[in-house]
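Taking it in order: structure first as structure tokens, then the write-up.
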Ligand code: PHE
């Protein structure tokens, strides 16, 4: 900026002075916003080339006697403005200003609410089942989801190569051919291996429920998912009989589905229980009259159970000799959590549990 920026005044009357000083003030504000503080200071207050010096020379000193006072007053106001602008000059300040304005919050707006989380229906059902047994004095145990062949099958009385293994299509961890079979890893197909892990850790008596995730290489459809959950139960003591098993499960089904529910036990097979049974409950949809849900039979199959096979106790005895089948006996049961949750909440697609759709999950909030 050079002296040409300060034109000679066209007159010294009020109107001319007003116009001339107003335009200088505007110019000062513009420069203050555009320049950094030092450049602005040089431009306006510089000793030699400063614009205020120019104004002083060309306007103030040149003013005729009667106009001197008016020009002087306006010059003083302009100088104060320039000094005030210098305080807050600089493009960085302007940028900060703009940024602050953009960030400014409207404190009258309602706050952002975090939605309260809801327990997943599977977690909820699982906890419900566990608490039915906790009330009977059962404790809770867990075990690994990646399990060895030994715990998942061998000690549960599925010998290597035995066709009973085909009933649980298994997902195995790859590239373990060099390990002995019993040490090879797989995704557990049931929670039953935790029966053995528990017995190895503690002598009888045992009353334990084991909730957990299991995997099978099953094709997904409306009622099957390769990932699902089970609650296992194990009770071992002296003189445990099949009627203890029946009474316990009859009570549990009534606690879960209502006291009107009836149970019945059908012969079945599991390698680790003998005798084994499938438990059916009277259809909770039609009360036993027969409907589509129970395929007109009035009954719905819900879980597997049986008396612990002495062969299983023999494996437990390798670590805990007190599991002597001549002295103790026990029962075990296992139920699918998804199946129970589907019945309790009237859900027809097992996949809904795993799809992560908030419209579905939000209903359990
Ligand atoms: N583990 C069995 C299954 O997954 C269920 C079961 C558990 C049966 C305990 C009897 C006793 O099919």
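From the set of residues in region 197-206 that are surrounded by 19 or more Cβ atoms within 10 Å (Cβ to Cβ) and more than 32 Å from the chain's Cα centre (by Cα), which is farthest from the ligand (Cβ to nearest atom)?
204
Could you tell me which residue of region 163-191 is farthest from residue 306 (Cα to Cα), considering only residues that are within 15 Å of the ligand (Cβ to nearest atom) and assigned to a loop (DSSP other than H, G, I, E, B)?
171
Does region 237-278 hold any residues that are in contact with a helix residue (DSSP H, G or I) (Cβ under 7 Å, 6 or more places away or on another chain), assigned to a strand (DSSP E or B) and within 14 Å of the ligand (Cβ to nearest atom), and which are they?
265
Condition check ((1) assigned by TED's automatic domain parsing to the domain that holds residue 228; (2) farther than 20 Å from residue 213 by Cβ; (3) buried (at least 16 other Cβ atoms within 10 Å of the Cβ)) across all residues:
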{"site": "269", "(1), (2), (3)": "yes, yes, no"}
{"site": "288", "(1), (2), (3)": "yes, yes, yes"}
{"site": "299", "(1), (2), (3)": "yes, yes, yes"}
{"site": "315", "(1), (2), (3)": "yes, yes, yes"}
{"site": "324", "(1), (2), (3)": "yes, yes, no"}
{"site": "339", "(1), (2), (3)": "yes, no, yes"}
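Test of understanding: among 260, 255, 277, which residue is assigned by TED's automatic domain parsing to the domain that holds residue 349 and buried (at least 23 other Cβ atoms within 10 Å of the Cβ)? Lay out the reasoning, then the answer.
Values: 260 fails: buried (at least 23 other Cβ atoms within 10 Å of the Cβ); 255 fails: buried (at least 23 other Cβ atoms within 10 Å of the Cβ).
Matching residue, one of 260, 255, 277: 277.
Among the residues of region 129-157 satisfying the criterion of being assigned to a helix (DSSP H, G or I) and within 14 Å of the ligand (Cβ to nearest atom), which is farthest from residue 344 (Cα to Cα)? If you could, list the steps in order and put the result at the bottom.
Residues of region 129-157 that are assigned to a helix (DSSP H, G or I), as a first pass: 129-134, 149-152, 154-156.
Next cut, within 14 Å of the ligand (Cβ to nearest atom) only: 129, 133, 151-152, 155-156.
On the way: 129: 12, 133: 18, 151: 32, 152: 29, 155: 34, 156: 31 Å.
Restricting to residues being assigned to a helix (DSSP H, G or I) and within 14 Å of the ligand (Cβ to nearest atom), the top hit is 155.
Mind checking which residues of region 288-328 are assigned to a strand (DSSP E or B) and within 16 Å of the ligand (Cβ to nearest atom)? Talk me through it step by step, then tell me what you get.
Step one: list which residues in region 288-328 are assigned to a strand (DSSP E or B), which gives 299-308.
Correct list: 301, 302, 303, 304, 305, 306, 307, 308.
Could you look through region 209-220, keep only residues that are away from the ligand (no atom under 12 Å from the Cβ) and in contact with a helix residue (DSSP H, G or I) (Cβ under 8 Å, 6 or more places away or on another chain), and pick out the one that is nearest to residue 305 (Cα to Cα)?
Among those residues, the one meeting the criterion is 211.
Select, from 362, 351, 356, the only residue that is part of a loop (DSSP other than H, G, I, E, B), within 23 Å of the chain's Cα centre (by Cα) and away from the ligand (no atom under 16 Å from the Cβ). Spell out how you get there, then give the answer.
Working: 362 fails: part of a loop (DSSP other than H, G, I, E, B); 351 fails: part of a loop (DSSP other than H, G, I, E, B).
Going through 362, 351, 356 in turn, the sole match is 356.
The values are calculated or read from the model by the stated rules, or taken from the named source; none is laboratory data. Here the structure is a predicted model, which means the values were calculated and not measured. Backbone-built Cβ (ideal geometry, glycine too); neighbour counts: all protein chains shown.
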